Ligand SMILES: [Mg+2]
């Protein structure tokens, strides 16, 4: 698997900062599990269906609106709440009612996550209910200290700055103590600006590859494989301590 540093400078910065990291924060969907599982593709399809049905739009109109809301609010839900009076809980319950049978626990991933020095958090634009269900299916729920979801951002999700401020407050951390793993590079931009260490995970089948290119300079490093990235970082931490 390929692990790529985007520049020698960024690599040096990562080496310098990794020893201070005490909080390991992970996006959930398509980051902590692989896009090829199809789970988040199914969520996206259900979002499309929900917008078409609820707002009585044809598929093309619904897609235009979703793209607008995604760009402006970070998630379709933000626009649905602001402009259509949609009740968040109803929406989240509908779009997350997907099968998780393609998600299988990975013993190596569990071992690597358990070995991280510090706390592990989920920072997601989905819901606590969805995150818990996914983590239980992956056999990772007991390893997670905090799940910070879209409700906790008061429906102003990543990449809105306020989401990152709220997350840092919740976990009682300063940015330089945090490393954030994301499959969506745009969500790393505010994290990098704050001073977090940033990792872009682009698993096989990621739908974000093209869009990520515009924002990938916000990543300290990127990898196609989360386990490989965790192993590399663990080696750095151990190296820093010796
Ligand atoms: Mg994601």
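Laid out as a table, the results:
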| item | result |
| --- | --- |
| Residue match in region 121-132 (condition: assigned to a loop (DSSP other than H, G, I, E, B) and over 18 Å from residue 96 (Cα atoms)) | no |
| Filter result for the condition that a residue is on the phi > 0 side of the Ramachandran plot and exposed (fewer than 14 other Cβ atoms within 10 Å of the Cβ), over 85, 118 | 85 |
| Search result, residues across region 136-167 that are in a helix (DSSP H, G or I) and surrounded by fewer than 20 Cβ atoms within 10 Å (Cβ to Cβ) | 136, 137, 141, 142, 143, 161, 162, 165, 166 |
| Per-region count, region 217-237, residues buried (at least 19 other Cβ atoms within 10 Å of the Cβ), in contact with a helix residue (DSSP H, G or I) (Cβ under 8 Å, 6 or more places away or on another chain) and part of a helix (DSSP H, G or I) | 4 |
| Within region 1-93, helices (runs of 4 or more DSSP H) holding 2 or more residues that are modelled with pLDDT of 95 or more and within 17 Å of the chain's Cα centre (by Cα) | 39-55 |
| Flag if residue 240 is modelled with pLDDT of 95 or more, in a helix (DSSP H, G or I) and touching a helix residue (DSSP H, G or I) at 6+ places or on another chain (Cβ under 6 Å) | no |
| Residues located in region 168-202, provided they are more than 16 Å from the ligand (Cβ to nearest atom) and in a helix (DSSP H, G or I) | 168, 169, 170, 171, 175, 176, 177, 192, 193, 194 |
| Residue in region 101-115 that is farther than 18 Å from residue 29 by Cβ, under 19 Å from the mean Cα position of the chain (by Cα) and surrounded by 13 or more Cβ atoms within 10 Å (Cβ to Cβ) present | yes |
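The values are calculated or read from the model by the stated rules, or taken from the named source; none is laboratory data. None of the values given here were measured: they were computed from a predicted structure. Every residue, glycine as well, gets a Cβ built from its backbone with ideal geometry; the counts of neighbours run over all protein chains shown.
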